[in-house]
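The values are calculated or read from the model by the stated rules, or taken from the named source; none is laboratory data. Computed from a prediction, not measured in an experiment: that's the story for all the values here. Cβ coordinates were reconstructed from backbone atoms using ideal geometry, including for glycine residues, and neighbour counts include every protein chain displayed. Only protein heavy atoms, including side chains, enter the accessible area calculation; ligands, DNA and RNA are left aside. Shrake-Rupley method; radii C 1.70, N 1.55, O 1.52, S 1.80 Å.
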Amino acid sequence: MGIFVLMAADNKLQKEKIWVPRAEVDAETVSRLSAELGIDPVLSTLLVQRGIRTFEEARSFFRPSLAALHDPFLMKDMAKAVDRLDEAISKGQHILVYGDYDVDGTTAVALVYSFLKRFTDAVDFYIPDRYDEGYGVSLKGMDWAAEHGFSLIITLDCGIKAIDKVSYAASKGIDVIICDHHLPDSSLPQAVAVLDPKREDCSYPFDDLSGCGVGFKLVQAFAQRHGIPFDELLPLLDLLVVSIASDLVSVVGENRILAYYGLKQLNGSPRKGLKALIDLSNLEPSHVTIDDIVFKIGPRLNAAGRMESGRLAVELLTASDDRAAAAIGSKINDNNNERKNIDREITREALEMVTTGKCLSFGNATIVYNPDWNKGVVGIVASRLVEQYYKPTFVLTRSNGFVTGSARSIKGFDLYDSIEHCSDLLENFGGHIYAAGLTLREENLPEFTRRIEEYVGAHLNTEISTPIVDVDAKLNFSQITPKFFRILKQFQPFGPGNSSPVFQTDNVYDDGTGRKVGPSGQHLKLELIQEDSVYKPVPAIGFNMAENFDYIKAGNPIDVCYYLVENYYRGSSTLQLRLKDIKEGKDPV
């Protein structure tokens, strides 16, 4: 049974995902931890996989503490940044909070801007236009700051490579504080302060903060110097958890603490703008999860910058009354609906290009180009093509006279390195191992395509190019007790570095009530039974797995791997398996 279908240009190539069990952990440690904590060995195994081996480490993991946050002044240049901020506020100088148009940038701007408004009225914010200015610090933004009399710019989620732009600002009498989390080049901008935990000369203990996280550390340092209680910063953490979830930084260490308390804030007393998005997303109030942010809240905030202006997102996140928040939220929701329609159409066109052979490449990599595509959604389309074909993918369009676009990778392939290999052909590029953006002249496109094909072919192997599912543990349905699930929920918040565990259960059957669901019947809704385990069926949902329906409906056994999730609806909750993959089971002998 071909579960994962990978259609090539001839529509015949198929690949099945390989299920890879996690490396075995020390059985003695698992046994001891199970006894000390009084929990199922499967849960102890999950803890040991996460590097937790003692009762004390488990307690710290299950009960994150704000006291464990690092001193912000451990970050290189933090004292300089606070000194310059103090000077600007005391002298009444105009401060511009400048950030990128994505979720991390707009939440960072909203956080720092709303905090500084408490101490000065001489503060404003600026979000560059995705289509006119592009990513990061722009000359247009620097000119705007100069024309409007700003003396200090604080960049958020951008600026670490803006050497020329920072020099340009200095020539106009503007100081810059950079708050960024991207990897710097060998030379840094000549700013008043450069806050970036990824600086080689920065000894800050945690280097995977989001851009918003770096902005929060600046705010924390300012508060610390001025004796402002940390409790007064807690209302900012709903913004921070949205950035952590949406920017896919690791949910370990300091990020896990901030995300844990950010979710408390988001579910207990969210700011008016986020409350509007929770309502518009039809989420259950007080039960919003990291997944809800990633799939519901984040895309709506991103849609503002993709379809209109990232400034709308900041206006929503800083809205002070319900009516304004509802109006801006509704506009952003409309943007998101429009984005989904455009994304759907471009994805259809891109898939057609591949199947008809009209793409630039469908060998080692997928490269498609259409000068008329909307620049704001090409990253989303690239992700969809990776899901379909499981190859490094580039989706390109034309903007401001250049070919520009986004790229997405597969697990184990360094996309950024492949693009850097072609840097002499590019006007600019940026990103990381699994996602990147690039701009080039159209005449360089054939050579870029040739080099990417060559590079990917030289660096891909069968192991990397085969989709896999990492399985954390095997589980029998009888082990899924209320206590088991209650403790499993305490592993949250989930995210990179602390992923939601994937379980495998073999030889299960649908109880006969399974059906296709969804607008076009593309999903599976099952009630699964494991013989000799439990008498009560376990509900399961398999998104985009309807091709397996006939096989399952015929009563055949299947092996499943899945997440355990909790669904909330009108105040009640139910446990459900969210299927990741299905394989043929074996009839019991």
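When region 128-166 is examined, which residues are found to be of a type in the set (Ser, Thr, Tyr) and closer than 24 Å to Val403 by Cα? I'd like the intermediate steps shown before the answer.
If we filter region 128-166 for residues that are of a type in the set (Ser, Thr, Tyr), which is where we start, we get 131, 135, 138, 151, 155.
Within region 128-166, Tyr131, Tyr135, Ser138 meet the criteria.
Hey, could you check region 518-538 for residues that are in a strand (DSSP E or B) and open to solvent by 40 Å² or more (accessible area, probe 1.4 Å) and say which is farthest from Arg578 (Cα to Cα)?
Of region 518-538, the ones in a strand (DSSP E or B) are 523-530, 538.
Filter again for open to solvent by 40 Å² or more (accessible area, probe 1.4 Å), leaving 525, 527, 529.
On the way: Lys525: 10, Glu527: 12, Ile529: 15 Å.
Within region 518-538, the match that is farthest from Arg578 (Cα to Cα) is Ile529.
If you take the residues in region 324-346 that are free of Cβ contacts under 8 Å to residues at least 12 places away in the same chain and under 17 Å from Lys296 (Cβ atoms), which one is farthest from the chain's Cα centre (by Cα)?
Within region 324-346, the match that is farthest from the chain's Cα centre (by Cα) is Asp334.
Here are some residues: Ser138, Ser151, Ser171. Which one is out of contact with any Leu (no Cβ under 6 Å at 6 or more places or on another chain), of a type outside the set (A, V, I, L, M) and under 15 Å from Ile95 (Cβ atoms)? Even if it seems obvious, please write down each step before you answer.
Details: Ser138 fails: under 15 Å from Ile95 (Cβ atoms); Ser171 fails: under 15 Å from Ile95 (Cβ atoms).
Exactly one of Ser138, Ser151, Ser171 is out of contact with any Leu (no Cβ under 6 Å at 6 or more places or on another chain), of a type outside the set (A, V, I, L, M) and under 15 Å from Ile95 (Cβ atoms), namely Ser151.
Check region 539-548 and report whether any residue there is aliphatic (A, V, I, L, M), in contact with a helix residue (DSSP H, G or I) (Cβ under 7 Å, 6 or more places away or on another chain), outside any helix (DSSP H, G or I) and at pLDDT 95 or above. Spell out the reasoning first.
Here is the first cut: in region 539-548, the residues aliphatic (A, V, I, L, M) are 540-541, 545-546.
Checking the rest, the ones that are also in contact with a helix residue (DSSP H, G or I) (Cβ under 7 Å, 6 or more places away or on another chain) come to none.
No, region 539-548 has no match at all.
Being under 15 Å from Phe150 (Cβ atoms), among the hydroxyl-bearing types (Ser, Thr, Tyr) and open to solvent by 40 Å² or more (accessible area, probe 1.4 Å) is the filter here; which residues of region 118-136 pass it?
Correct list: empty.
So, in region 451-480, of the ones that are closer than 30 Å to Val508 by Cβ and part of a loop (DSSP other than H, G, I, E, B), which residue ends up most open to solvent (accessible area, probe 1.4 Å)?
Among residues in region 451-480 that are closer than 30 Å to Val508 by Cβ and part of a loop (DSSP other than H, G, I, E, B), the one most open to solvent (accessible area, probe 1.4 Å) is Asn476.
With (1) touching a Lys or Arg at 6+ places or on another chain (Cβ under 7 Å); (2) open to solvent by 40 Å² or more (accessible area, probe 1.4 Å) as the list, and Ala319 as the residue in question, which single condition is left unmet?
(2)
All but one of (1) at pLDDT 95 or above; (2) open to solvent by less than 10 Å² (accessible area, probe 1.4 Å) hold for Ala304, so report the exception by its number.
If we test Ala304 against (1) at pLDDT 95 or above; (2) open to solvent by less than 10 Å² (accessible area, probe 1.4 Å), just (1) comes out false.
Please find, within region 409-434, the residue that is farthest from the chain's Cα centre (by Cα) out of those that are over 25 Å from Gln388 (Cβ atoms) and small (Gly, Ala, Ser).
Ser423
To keep it simple, each residue is scored yes or no on (1) touching a Phe, Trp or Tyr at 6+ places or on another chain (Cβ under 6 Å); (2) among the β-branched types (Val, Ile, Thr); (3) in contact (Cβ under 8 Å) with a residue 60 or more places away in the chain.
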site: Phe485; (1), (2), (3): no, no, yes
site: Phe491; (1), (2), (3): no, no, yes
site: Ser499; (1), (2), (3): no, no, no
site: Asn507; (1), (2), (3): no, no, yes
site: Val517; (1), (2), (3): no, yes, no
site: Gly521; (1), (2), (3): no, no, no
site: Pro537; (1), (2), (3): no, no, no
site: Ile541; (1), (2), (3): no, yes, no
site: Asn544; (1), (2), (3): no, no, no
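Being basic (Lys, Arg), over 23 Å from Lys264 (Cα atoms) and free of Cβ contacts under 8 Å to residues at least 60 places away in the same chain, is that true of even one residue in region 68-85? Give the derivation first.
In the first step, residues of region 68-85 are kept if they are basic (Lys, Arg); the result is 76, 80, 84.
Those left that are additionally over 23 Å from Lys264 (Cα atoms): 76, 80, 84.
Of the ones still in play, those that are also free of Cβ contacts under 8 Å to residues at least 60 places away in the same chain are none.
Taking every residue of region 68-85 in turn, none turns out to be basic (Lys, Arg), over 23 Å from Lys264 (Cα atoms) and free of Cβ contacts under 8 Å to residues at least 60 places away in the same chain.
Can you find even one residue in region 574-587 that is closer than 25 Å to Asp291 by Cα, part of a strand (DSSP E or B) and modelled with pLDDT under 90? Walk me through how you get there before you give the answer.
First pass over region 574-587, keeping only residues closer than 25 Å to Asp291 by Cα: 574-582.
This time we only want the ones that are part of a strand (DSSP E or B), so: 574-582.
With the extra rule that they be modelled with pLDDT under 90, the set shrinks to 574.
Looking for residues that are closer than 25 Å to Asp291 by Cα, part of a strand (DSSP E or B) and modelled with pLDDT under 90, one finds at least one in region 574-587, hence yes.
Restricting to region 260-282, name every residue that is hydroxyl-bearing (Ser, Thr, Tyr) and touching a residue at least 24 places away in the same chain (Cβ under 8 Å). Walk me through how you get there before you give the answer.
We begin by selecting, within region 260-282, every residue hydroxyl-bearing (Ser, Thr, Tyr); these are 260-261, 269, 281.
Result: Tyr260, Tyr261, Ser269.
Consider Thr107 carefully, then state whether it is of a type outside the set (Asp, Glu) and in a helix (DSSP H, G or I). Before you say what the answer is, go through the steps one by one.
Working: of a type outside the set (Asp, Glu): yes; in a helix (DSSP H, G or I): yes.
Yes; evaluated as a whole, the condition is true for this residue.
Mind checking which pairs have a first residue in region 571-585 that is under 26 Å from Ile18 (Cα atoms) and a second that is among the aromatic types (Phe, Trp, Tyr) and open to solvent by less than 20 Å² (accessible area, probe 1.4 Å), Cβ under 7 Å, 6 or more apart or different chains?
Qualifying pairs under 7 Å: Leu577/Tyr562; Arg578/Tyr562; Leu579/Tyr562; Lys580/Tyr562.
So Lys296 fits all but one of (1) surrounded by fewer than 18 Cβ atoms within 10 Å (Cβ to Cβ); (2) touching a residue at least 12 places away in the same chain (Cβ under 8 Å); (3) among the charged types (D, E, K, R); (4) more than 24 Å from Phe125 (Cα to Cα); what number is the exception?
In the conditions (1) surrounded by fewer than 18 Cβ atoms within 10 Å (Cβ to Cβ); (2) touching a residue at least 12 places away in the same chain (Cβ under 8 Å); (3) among the charged types (D, E, K, R); (4) more than 24 Å from Phe125 (Cα to Cα), Lys296 misses (1) alone.
For region 486-517, which positions are assigned to a loop (DSSP other than H, G, I, E, B), open to solvent by 50 Å² or more (accessible area, probe 1.4 Å) and more than 15 Å from Val251 (Cβ to Cβ)?
Asp511, Thr513
For region 261-284: of the residues being part of a loop (DSSP other than H, G, I, E, B) and open to solvent by 50 Å² or more (accessible area, probe 1.4 Å), which is farthest from Pro64 (Cα to Cα)?
From region 261-284, those part of a loop (DSSP other than H, G, I, E, B) are 269-271, 281-284; that's our starting set.
Remaining after also requiring open to solvent by 50 Å² or more (accessible area, probe 1.4 Å): 269, 282.
Values: Ser269: 19, Asn282: 29 Å.
Ranking the qualifying residues of region 261-284, first place goes to Asn282.
Within region 201-223, which residues are within 18 Å of Lys80 (Cα to Cα) and either among the hydrophobic types (A, V, I, L, M, F, W, C) or at pLDDT below 95 (or both)?
Cys202, Val214, Phe216, Leu218, Val219, Ala221, Phe222, Ala223
Of the residues Asp185, Asp175, only one is of a type in the set (Asp, Glu), more than 23 Å from the chain's Cα centre (by Cα) and at pLDDT 95 or above; which? Quick ask: steps written out before the conclusion?
Working: Asp185 fails: at pLDDT 95 or above.
On inspection, the qualifying residue turns out to be Asp175.
Which is hydroxyl-bearing (Ser, Thr, Tyr), farther than 26 Å from Gly495 by Cβ, surrounded by fewer than 21 Cβ atoms within 10 Å (Cβ to Cβ) and out of contact with any His (no Cβ under 7 Å at 6 or more places or on another chain), of Thr366, Thr356? Steps first, answer last, please.
Numbers: Thr366 fails: surrounded by fewer than 21 Cβ atoms within 10 Å (Cβ to Cβ).
Thr356 is the lone residue from the list that is hydroxyl-bearing (Ser, Thr, Tyr), farther than 26 Å from Gly495 by Cβ, surrounded by fewer than 21 Cβ atoms within 10 Å (Cβ to Cβ) and out of contact with any His (no Cβ under 7 Å at 6 or more places or on another chain).
Just a yes or no: is a residue in region 435-447 within 23 Å of the chain's Cα centre (by Cα), loosely packed, with under 15 Cβ neighbours inside 10 Å and not hydrophobic (A, V, I, L, M, F, W, C)?
no
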